[in-house]
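K.L.:
One structure is given below, represented as structure tokens, and several questions about it will come after.
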Amino acid sequence: MDIQTLENWLWDAACAIRGPVDAPKFKDYILPLIFLKRLSDVFEDEVARRAQVLGGEKVVLDLLEQERQRGQVTLVRFFIPKNARWQAIRRQTTGLGQYLTDAVRAVARENPSLAGVIDMVDFNATAAGQRIISDEHLKSLIDVLSRHRLGLEDVEPDILGRAYEYLLRKFAEGQGQSAGEFYTPREVAILMARLLEPEPGMTVYDPACGSGGLLIKCHLRLLECFGTMENGHLRLPNQIKPLRLFGQEINPATFAMARMNAVIHDMEAEIRLGDTMRNPAFRDAAGRLMTFDLVTANPMWNQNFSTDLYENDPYDRFRFGIPPSSSADWGWLQHMLASLSETGRMAVVLDTGAVSRGSGNQGSNRERDIRKAFVERDLIEAVILLPENLFYNTTAPGIIIVINRRKRHPGEILLINASQQFAKGRPKNYLTEEHIKTIANLYHNWEAREGLSAIITKDEAARNDYNLSPSRYVSVNGSEETLPLEEALVRLEEAEEERAQAEENLREVLRVLLSLGWR
């Protein structure tokens, strides 16, 4: 299935439930059914392949039933019970909402690894005494989804990821914050995978994995570099070890999407539900944080966390300093650094202010001081300024920070001003393949190019008070650095926090003086 066919198909699916369901919620109903159809079609294909060897479909189904009774199914990856197979669903004409809900729950019972993943949606749910989505609309949706097979040889495994991206782009553009919170634009994710260039057998971690897109792009990059074509599909040869992927996500619905994505891509991925900052899921037997070869992430920018979280951290993550409560950007970076192996690398998307806030201030500034510690320990390898209006939850440009524990050019930092490397889109701009290639080549070739990139030393960073904003060092068409509104608001919050702390310190000094008899 090509992309145009996929998008037309999904548009028709969305139209089938238009009306009873708000546009941003379309994906919540469509994607679990696409996932179920993929599982059902693959089950049919696996049974058919086994039947050619074992003597017929009935023989295979009888053997499968015997395996189920023993509690260990090996003939297929996922066993799909009769009532959940797509042909049975298509034949159902009444009570469809309850039937679908029972079907996905039956799949979860038969395949415990899919519990909390495929069975997240109640197709029979009501609101104010009325069905949210009627059987008639569900029937129309099933008829549309039945137009295409999603079996082993029908579609690339990336189908669910492409479907998810399309639905977000198509329907959630007007829902900025909710749309972009768990979604990194496809081309940005591809660029990050190109920067990291994962190698066979590596471990890759995303502590704020959303729907799993960044992990998947690393997997697809490995496939692109080391895969071979078999029957029109890229496959990793047996001698090439796949990536081992790890992710944590706080939102249950988005966690389910990440697990679906991992399953449909046939990836070795361990996705866990939970709050990474308060309760990191990946720990060793001694309770210490696990470490990984690569880290890739796009955490929510400028999150508000109480300083208590940092000050009372049992995992010793925040050695370089306590971030301000107005922005957790350098809290996330310290968590990721603590999760990075001694030879590890990471690429992280953050707000542009993460590399400049506090520089030029008189006295101390928490973010600048943490940034200074990263620079002095020679951990920051590159900073890439992205174009404006790429992300769904903001028009601000964002930056990619590349951290490398074993830098190729010690004492140097590459700054890339890619603010003009975009194509105009509606409503969002995007990076073309040529833009991605240009940025990635600048990084891998370690190149200073007029109007695009500069290489500075640690000493030069210090002279500029650890301001690492690429636009400070690389001028594009003579334009000057401007401050986005969101960034101005964060700086205002930070200034207010510093003022409140200064007042508290002053009150403490006065209290001590008064206790000593000063008048």
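The values are calculated or read from the model by the stated rules, or taken from the named source; none is laboratory data. Not measured: the values here are computed from a predicted model. So basically every Cβ, Gly included, is an ideal-geometry build from the backbone, and we count neighbours across all protein chains shown. With ligands, DNA and RNA removed, areas are computed over all heavy atoms of the protein, side chains included. Shrake-Rupley method; radii C 1.70, N 1.55, O 1.52, S 1.80 Å.
K.L.:
With a 1.4 Å probe and every protein chain left in place, tell me how much accessible area residue 67 has, in Å² to the nearest 10.
P.N.:
20 Å²
K.L.:
Using a 1.4 angstrom probe, figure out how much accessible area the chain has per residue, in square angstrom, rounded to the nearest whole. Let's see the in-between values first.
P.N.:
On the way: 23500 Å² over 519 residues.
For the chain, the solvent-accessible area averages 45 Å² per residue.
K.L.:
Right, next: Using a 1.4 angstrom probe on heavy atoms only, work out the carbon and sulfur share of the accessible area of segment 62-138 in %. Kindly include the intermediate steps, with their values, before the conclusion.
P.N.:
Numbers: 1900 of 4140 Å².
Roughly 46 percent of what the probe reaches on segment 62-138 is carbon or sulfur.
K.L.:
Consider all pairwise Cα distances in segment 396-474 and report the whole-number % of them above 22 Å.
P.N.:
On the way: 823 of 3081 pairs.
That tail contains 27 percent of the Cα-Cα pairs.
K.L.:
Kindly report, to the nearest 10 Å², the accessible surface of residue 308 as traced by a 1.4 Å probe over protein heavy atoms only.
P.N.:
Using a 1.4 Å probe on the heavy atoms, I get roughly 90 Å².
K.L.:
In addition: As I understand it, the value is the acute angle between the Cα axis of helix 252-264 and the longest principal axis of the Cα atoms of the chain; what does it come to in degrees, rounded to 10?
P.N.:
Value to nearest ten degrees: 60.
K.L.:
What is the local net charge at residue 289, summed over the other residues whose Cβ is closer than 9 Å to its Cβ (Lys, Arg +1; Asp, Glu -1)? Don't jump to the answer; show the numbers that get you there.
P.N.:
On the way: positive: 283, 288, 317; negative: 284, 316.
Around residue 289, the charge tally is +1.
K.L.:
Now for a separate question. Work through the residues other than residue 234 whose Cβ is under 9 Å from its Cβ and net out their charges, Lys, Arg +1 and Asp, Glu -1.
P.N.:
On the way: positive: 235; negative: 156, 224, 230.
Once all neighbours under 9 Å are counted, the net charge is -2.
K.L.:
Still on this model: Taking all protein chains as present, what is the carbon and sulfur share of the accessible area of segment 240-284, in % to the nearest whole number, probe 1.4 Å?
P.N.:
Working: 850 of 1780 Å².
Heavy-atom surface of segment 240-284 belonging to carbon and sulfur, 1.4 Å probe: 47 percent.
K.L.:
To continue, here is another question. Using the Karplus curve 6.51 cos²θ - 1.76 cosθ + 1.60 with θ = phi - 60°, what ³J(HN,Hα) values do you get for each residue of segment 200-205, in whole Hz, with x for Gly and Pro?
P.N.:
Rounded to whole hertz, the list is x, x, 5, 9, 10, 10.
K.L.:
Also, I was wondering about something else. Summing -39500 (n - 2.57) over the DSSP H runs of n ≥ 4 in the chain and dividing by its residue number, what mean residue ellipticity at 222 nm do you reach, to the nearest 500 deg cm²/dmol?
P.N.:
Numbers: 18 runs with 224 residues, N = 519.
Result for the chain: -13500 deg cm²/dmol, rounded to the nearest 500.
K.L.:
A further question follows. Return the Rg/Rh value of segment 1-50, two decimal places, where both radii are evaluated on C-alpha atoms and Rh is the Kirkwood radius. Intermediate results must be reported in sequence, preceding the final value.
P.N.:
Working: Rg = 13.6 Å, Rh = 12.4 Å.
Reported Rg/Rh (Cα atoms, Kirkwood Rh): 1.10.
K.L.:
Right, next: With charges only on Cβ, +1 for K and R and -1 for D and E, what is the dipole size of segment 188-309 about its Cα centre, in debye, rounded to 20? Before the final figure, lay out each step's value.
P.N.:
Values: 11 positive and 13 negative charges, 8 e Å.
The calculation lands at about 40 debye.
K.L.:
Using each residue's phi in segment 25-30, evaluate 6.51 cos²θ - 1.76 cosθ + 1.60 at θ = phi - 60° and report the 3J(HN,Hα) Karplus result to the nearest Hz, with x for Gly and Pro.
P.N.:
In residue order, the calculated couplings are 8, 3, 4, 5, 9, 6 Hz.
K.L.:
So between residue 8 and residue 288, what do we pick up on full extension, going 0.36 nm a residue minus the alpha carbon distance? Walk me through the numbers before you get to the answer.
P.N.:
Details: separation 280, 0.36 × 280 = 100.80 nm, distance 4.80 nm.
So the chain would gain 96.0 nm between residue 8 and residue 288.
K.L.:
For the chain, treating each Cα as an identical point scatterer without solvent, what Debye log10 I(q)/I(0) comes out at q = 0.07, 0.09, 0.10 1/Å?
P.N.:
For the requested q values the scattering log ratios are -0.45, -0.71, -0.85.
K.L.:
For segment 359-420, which whole percent of the accessible surface, found with a 1.4 angstrom probe, sits on carbon and sulfur atoms?
P.N.:
Values: 810 of 2100 Å².
Of all accessible area on segment 359-420, carbon and sulfur atoms account for 38 percent.
K.L.:
Then there's this: Which entries of 217/241; 25/82; 27/139; 25/424; 217/437 show an alpha-carbon separation above 21 angstrom in the structure shown?
P.N.:
Values: 217/241 16 Å; 25/82 28 Å; 27/139 16 Å; 25/424 27 Å; 217/437 15 Å.
Where the Cα-Cα span goes over 21 Å, the pairs concerned are 25/82; 25/424.
K.L.:
Taking the Cα atoms only, what angle lies between the long axis of helix 433-444 and the longest principal axis of the chain, rounded to 10 degrees?
P.N.:
Value to nearest ten degrees: 50.
K.L.:
Which net charge results when you count Lys and Arg as +1 and Asp and Glu as -1 among the other residues whose beta-carbon is under 13 Å from that of residue 463? Write down the numbers at each step before the final one.
P.N.:
Values: positive: 372, 458, 472; negative: 459, 460, 465.
That works out to 0.
K.L.:
Next question. Can you list, bin by bin at 10 Å, the percent of alpha carbon pairs in segment 1-138, starting at 0?
P.N.:
11, 37, 32, 16, 4, 0
K.L.:
Same structure again: Mind checking the angle between helix 186-196 and the chain's longest principal axis? C-alpha axes, 0 to 90 degrees, to the nearest 10.
P.N.:
70 degrees
K.L.:
Also, I was wondering about something else. In debye, nearest 20: dipole of segment 238-314 around its Cα centre with unit charges on the Cβ of K, R (+) and D, E (-)? All intermediate terms of the calculation are to be shown ahead of the outcome.
P.N.:
Numbers: 7 positive and 10 negative charges, 41 e Å.
Its charge dipole is roughly 200 debye.
K.L.:
Report the accessible area of residue 140, computed with a 1.4 Å probe over the heavy atoms of all protein chains in place, in Å² rounded to the nearest 10.
P.N.:
The accessible area of residue 140 comes to roughly 50 Å².
K.L.:
Under a 1.4 angstrom probe, counting protein chains only, how are 409, 265 ranked by accessible area, largest first?
P.N.:
Details: 409 65, 265 10 Å².
Solvent-accessible surface, decreasing: 409, 265.
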